[in-house]
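Read-outs: derived from the displayed coordinates by stated rules, not from any lab. Computed from a predicted structure; not experimentally measured. For neighbour counting, all protein chains shown are included, and Cβ atoms are generated from backbone atoms with ideal geometry for every residue, glycine included.
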């Protein structure tokens, strides 16, 4: 008896129904919830102005001149010192969003990359655990620790590419090893977007090492890869190392992450996000909870932990404990492991019991909420005004203040963007100012650890733009040649007014 065949029209109809069911599936609905609840709503009030604007300016330079700058052209204190443009591609993409729709374009950029990061993390956890429902918990874990760094900065692209790398490795290990061939082009892009590419190479190296290990000791196991897959992984790693040299600065750009970690003590010691994670911080408590949950499951359920998982988890914990901003990385590394260990805690997704119409309604509601929650241009402009010396810059421009300006560190990004005719003293590019000694001098001056007039005289400063409440705002009025000529709720401007000579 031959099987019943469908008419062409019935076949097309069945394919369309199947496509609709996949489009409006339960996992797709969960992804929609991630976009709305976590991506759009959590970034509605985030407009990290100080760093965002200098990244925006660097992107504008590349976009308009078609030249990637390798020397500093935005400040007068560094004397055109060599500059490593390690984030030029990401900065260009940021400026492209601004060129498209101004501040709204930037917020759309943030929402899209936050959504992409969470959905990619959800896909990784789902594939790694085999349970689409538990994977939602993994995505929530990524979001929790990502809140430390959700901003319009190149790191968003870097950490998205970290998740893509983990997806390619997992697919290459469990499905077709050819997936691993996607790694070299990934790193060729990554090295020009963010320094986290170095972490990606370390991750690949650890996985390659574990692919040789045959181990079973208690709950800790390691299963060697097959020879063909291991060979493909080794080639992918070698080609990825070669690919990171496809950048404007060559070896210097490849080694930049090491330079940051080993040769920039002022930057790491004073910038808040580089400080060690406080255990009482909500993310510190979350880190303890996630790590504790993983090891509790291992003990109670006698589950197995792979050697590469243990090494990656240790890398994530160490990174987060050392630097607060690296909790972002911990969430990405820990979420798939947590999802796999909890895969049997919740019934898996069964497409037969799916409800496409209900899922479609929830997806539509999610999109409507995202549209409603998206901040207006006025809302975004107000955030910029609140964090920046907007009125003070207008005063400087209106009164044509001449000469060299000394500016507050956090104002540098805004000044680079809004007042390009006034080269800055210092800005958020801490690396170049530390290398030239400017950051150390400025830090001592700002914290009243050096003679207040020594820095002003050395750099022949004509006026200072400082944040209201800065320690130096109480000292400058006491100096004979300095006078406050402007102040508002955010800023104060001091002008050098030399005493008149008695012979004049």
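Expressed in nm to one decimal, what extension gain is obtained for the pair residue 382 and residue 219 from 0.36 nm per residue of sequence separation less their Cα-Cα distance? Before the final figure, lay out the partial values.
Details: separation 163, 0.36 × 163 = 58.68 nm, distance 5.41 nm.
Length difference between fully extended and current span is 53.3 nm.
Suppose R0 equals 41 Å; then what is the FRET efficiency for residue 73 and residue 209 from their Cβ-Cβ distance, rounded to the nearest 0.05?
Working from the Cβ atoms, E equals 0.45.
Of (1) 49, 27, 21; (2) 39, 30, 23; (3) 44, 29, 22, which is the value of semi-axes √(5λ) of the Cα gyration tensor in Å derived from the coordinates here?
Checking each listed value against the structure points to (1).
Taking 7 Å along the Cα-to-C-beta vector as the label spot, tell me the residue 474-residue 280 distance in nanometres, rounded to one decimal.
Distance between label points: 2.5 nm.
To the nearest 10 degrees, how steeply does helix 88-129 sit against the main Cα axis of the chain, on a 0 to 90 scale?
So the inclination is approximately 30 degrees.
Please determine, in degrees from 0 to 90 and to the nearest 10, the orientation of helix 327-341 with respect to the longest principal axis defined by the Cα atoms of the chain, where the helix direction is its Cα long axis.
Roughly 10 degrees between the two axes.
Given R₀ = 25 Å, FRET efficiency for residue 46-residue 365 by Cβ-Cβ distance, to 0.05?
The calculated FRET efficiency here is 0.60.
Using only the Cα atoms of segment 305-428, build the gyration tensor, take square roots of its eigenvalues as a ≥ b ≥ c, and label the shape rounded, prolate or oblate: rounded if a/c is under 1.5, else prolate if a/b is larger than b/c, else oblate.
oblate
Under a plain spin-label model, where a point goes 7 Å from the Cα along Cα-to-Cβ, how far apart in nm are residue 242 and residue 460?
Each label point is offset 7 Å from its Cα along the Cβ direction, giving 5.2 nm.
As a check on your grasp of the helix formula, calculate [θ] at 222 nm for the chain: sum -39500 (n - 2.57) over DSSP H runs of n ≥ 4, divide by the residue count, round to the nearest 500.
-18500 deg cm²/dmol, from helical runs alone.
At 1.567 mPa s and 4 °C, plugging the Kirkwood radius over alpha-carbon pairs of segment 72-129 into Stokes-Einstein gives what diffusion coefficient in µm²/s?
92
What is the gain in length, in nm to one decimal, between residue 481 and residue 444 on full extension, counting 0.36 nm per residue of separation less the C-alpha to C-alpha distance?
That works out to 11.2 nm of additional length.
Using a 10 Å cut-off around each Cβ, can you sort 318, 225 from fewest to most neighbouring Cβ atoms?
On the way: 318 12, 225 20.
Going from sparsest to densest Cβ surroundings: 318, 225.
Kindly work out what percent of the DSSP beta bridges joining two residues of the chain are antiparallel, to the nearest 5.
Rounded to the nearest five, the antiparallel share is 70 percent.
Tell me, in nm to one decimal, what length is gained between residue 344 and residue 251 on full extension, where the rule is 0.36 nm per residue of separation less the Cα-Cα distance?
Gain on extension, residue 344 to residue 251, equals 28.8 nm.
Once a ≥ b ≥ c are taken as the square roots of the eigenvalues of the Cα gyration tensor of segment 115-196, is the result rounded (a/c under 1.5), prolate (a/b larger than b/c) or oblate (a/b not larger than b/c)?
Verdict is oblate for segment 115-196.
Within 10 Å of each residue's Cβ, count the other Cβ atoms and sort 390, 300 from fewest upward.
Least crowded to most crowded, the residues run 300, 390.
Using only Cα atoms and rounding to the nearest 10 degrees, what angle (0 to 90) does helix 132-146 make with the longest principal axis of the chain?
Compared with the principal axis, the helix lies near 10 degrees.
Determine, from the Cβ-Cβ distance of residue 421 and residue 358 and an R0 of 45 Å, the FRET efficiency 1/(1 + (r/R0)^6), rounded to the nearest 0.05. Write out the running numbers ahead of the final one.
Working: r = 58 Å, r/R0 = 1.29.
Result of the calculation: an efficiency of 0.20.
Calculate how large, on average over all directions, the projected area of the Cα convex hull of segment 388-496 is; give the answer in nm² to one decimal.
6.2
Would you mind pulling out the separation of the Cα centroids of segment 277-350 and segment 129-175, in Å?
Spelled out, the Cα-based centre of one part sits 13 Å from the other.
If I model a spin label at residue 296 and residue 112 as a point 7 Å from the Cα along the Cα→Cβ vector, what separation in nanometres do I get?
Reported label-point gap for residue 296 and residue 112 is 4.1 nm.
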